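Contents: one structure, followed by commentary.
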Amino acid sequence: MTSNGWDFDVAVVGGGPGGSSTATALARRGKRVVLLERERFPRFHIGESQLPWSNEVFQALGVDQAIAAAGFVRKWGASFRPPGSTTEQYADFAAAVETPTPQSFQVLRERFDEVLLRHSAQCGVTVREGHRLLDAAFDAEGVTLHCADPDGTERTTRVGVVVDASGRAGVLVKRFGRHEYDPLLRNIAVHAQYEGVPRADGRRAGDIRMFTRSDMGWLWLIPLSDEIMSVGAVIPKAVHRSEAKATAEESLAHYLAATPAAAALLERARRVTPARVDVDYSYLATRMAGDRWVAVGDAAAFLDPIFSTGVLLAMQGGLDAAEVIDAGLRTGDLSERAFARYERIVRKRFHHFRRFAIGFYDPAFRDLWFTPQSRWGIYGAIVSVLAGNWRPTPLTRARIEMFFALVAVKRFIRRFRPVGRS
């Protein structure tokens, strides 16, 4: 224990992408970090499709070579197919302006998360798997954590700052506030893994495919290996209440069969994992920081997965949290005020992508997206956001605003269109 009475400078609660990123970034800045993870890795997690803008986060953490060497499926874009159509709208990340490296990955999260966690350990983080946080006692000089180790023995650890990276559990977020669910994104997801699903040839073989539904839901097909495909349905909660079946497996089968374009691809497919259901997963924490604590990743916020932003938001937030914690440790100011800038950044980034997620459930937005225009550079600007561009240049931002202006016009026209006219 050091002269300030801490066993570690920082404790990170949770070993997912947000937690491991925060821990690694702090350790690489010379801080003493302990990471407490209640499970043992590898473990299942949803969120397999990654975005090109994550590549610069991988590089900042020094884990890019390990990820590139892990053998994950390469992803160059995404395709979207509307109901009743025989063609797919393809978003090629190579057309995304301001995107340094357009190729990303589809990952088995149990392997991807373990690569990140083992990298944290290699960077000097003390990783304690199978450790469950029981309580955190805050005082003016630090935080005393009470934990249970794998055999149930209770131990205490004294730290200067705690990072809540506990995912939806939000152990500190829910102690000091709550998760506020998004009223415009009340959806459920039901998903499983399949084998025997045909895929595109060549460069597009690894891309995610999305099939939209007339009820504003959609299906995803994500190749995870040469044999395995992640298959899921995102359905409005109101629709699910009336159409859900007795089991998750039956519900998933129902939504797949009711989406003809996807059903044709799954005729000879075989489900190889149980189906799982996730409910009400779009939210923001009412508080993301306080005296001696910060929340990152899914503990702070989670956005509808239509554009696969989850891991990017978590890992970029981890880098940002590490920066403010490092500064606070150096200056001795670990107050909520010192972390206010971090919270503003996370909220601003969340709302940047939320605008597009909400837009995708707007028929006017979909109409324009499925009839792209190359004029004025609008298409490249929109695809750059879908690639993860959270800090567009003024020109790209202007093009984005032009797109949403066109959406507003389209929405106005739809409102007054006579019934029956296309």
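The values are calculated or read from the model by the stated rules, or taken from the named source; none is laboratory data. Source: prediction; values computed, not measured. Every residue, glycine as well, gets a Cβ built from its backbone with ideal geometry; the counts of neighbours run over all protein chains shown. Quick note on the areas: whole protein, heavy atoms, side chains included, nothing else; ligands and nucleic acids left out. Shrake-Rupley method; radii C 1.70, N 1.55, O 1.52, S 1.80 Å.
Key figures
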{"read-out": "Cα-based equivalent ellipsoid of the stretch 76-149: semi-axis lengths in Å, sorted from largest, via gyration tensor", "value": "43, 17, 15"}
{"read-out": "Helical contribution to [θ] at 222 nm, DSSP H n ≥ 4, -39,500 (n - 2.57), averaged over the chain, rounded to 500", "value": "-10500 deg cm²/dmol"}
{"read-out": "GNM flexibility winner over the chain from Ala25, Ala269, Ala189 (Cα, springs under 10 Å)", "value": "Ala269"}
{"read-out": "Ranked by how many other beta carbons lie within 10 Å on average, peptides 284-296, 52-64 from highest", "value": "284-296, 52-64"}
{"read-out": "Helix 394-415 axis, angle to the chain major axis (alpha carbon atoms, nearest 10°)", "value": "50 degrees"}
{"read-out": "Per-residue ³J(HN,Hα) for the stretch 21-31, Karplus 6.51 cos²θ - 1.76 cosθ + 1.60, θ = phi - 60°, Hz, x for Gly and Pro", "value": "5, 4, 4, 4, 4, 6, 4, 5, 8, x, 8"}
{"read-out": "Rounded tilt (10° steps) of 340-360 against the dominant C-alpha axis of the chain", "value": "20 degrees"}
{"read-out": "Radius of gyration and maximum dimension Dmax of the stretch 217-271, Cα, Å", "value": "11.6, 36"}
{"read-out": "For the chain, projected area of the alpha-carbon convex hull averaged over all directions, nm²", "value": "21.5 nm²"}
{"read-out": "Most fluctuating residue given options Glu323, Glu243, Glu110, as computed from a GNM of the chain linking Cα atoms under 10 Å", "value": "Glu243"}
{"read-out": "Relative contact order (%) - the chain, alpha-carbon pairs under 8 angstrom, separation at least six", "value": "21 percent"}
{"read-out": "Per residue, in Å², the accessible surface of the stretch 211-352 once ligands and nucleic acids are set aside, probe 1.4 Å", "value": "39 Å²"}
{"read-out": "For the stretch 49-161: accessible area per residue (Å², 1.4 Å)", "value": "41 Å²"}
{"read-out": "Pair Arg175, Arg344: separation of 7 Å Cα→Cβ label points (nm)", "value": "2.7 nm"}
{"read-out": "Sulfur and carbon atoms: percent of accessible area, the chain [1.4 Å]", "value": "52 percent"}
{"read-out": "Cα-Cα separations in the stretch 1-120 greater than 17 Å, expressed as whole percent", "value": "64 percent"}
{"read-out": "Stretchable slack from Thr86 to Phe404, in nm (0.36 nm times residue separation minus alpha-carbon distance)", "value": "111.8 nm"}
{"read-out": "Highest-fluctuation residue, Gly142, Gly318, Gly202 considered, GNM on the chain with Cα pairs under 10 Å", "value": "Gly202"}
{"read-out": "Label-reachable residues, the stretch 216-252, where backbone N falls under 18 Å from a point 7 Å from Arg74's Cα toward its Cβ", "value": "223-227"}
{"read-out": "Two-decimal ratio, the stretch 272-359, of alpha-carbon radius of gyration to 2.2 N^0.38 Å", "value": "1.23"}
{"read-out": "C-alpha long axis of helix 310-331 to longest principal axis of the chain, angle in °", "value": "30 degrees"}
{"read-out": "Whole-Hz couplings from phi, Karplus 6.51/-1.76/1.60, listed for the stretch 78-88; x for Gly and Pro", "value": "8, 10, 10, 10, x, x, x, 9, 9, 10, 10"}
{"read-out": "Zone of Arg414's modelled label, taken as backbone nitrogen in the stretch 346-369 under 12 Å from a point 7 Å along Cα→Cβ", "value": "359-369"}
{"read-out": "Those lysines that a straight Cα-Cα span of less than 17 Å connects to Lys237, excepting residues fewer than 8 apart in one chain", "value": "Lys245"}
{"read-out": "For the stretch 141-242, the spread of Cα positions along each principal axis, largest first, Å", "value": "58, 35, 26"}
{"read-out": "Phi-based couplings in Hz for the stretch 300-309 (Karplus 6.51, -1.76, 1.60; Gly and Pro marked x)", "value": "8, 6, 8, 10, 2, x, 3, 10, 6, 8"}
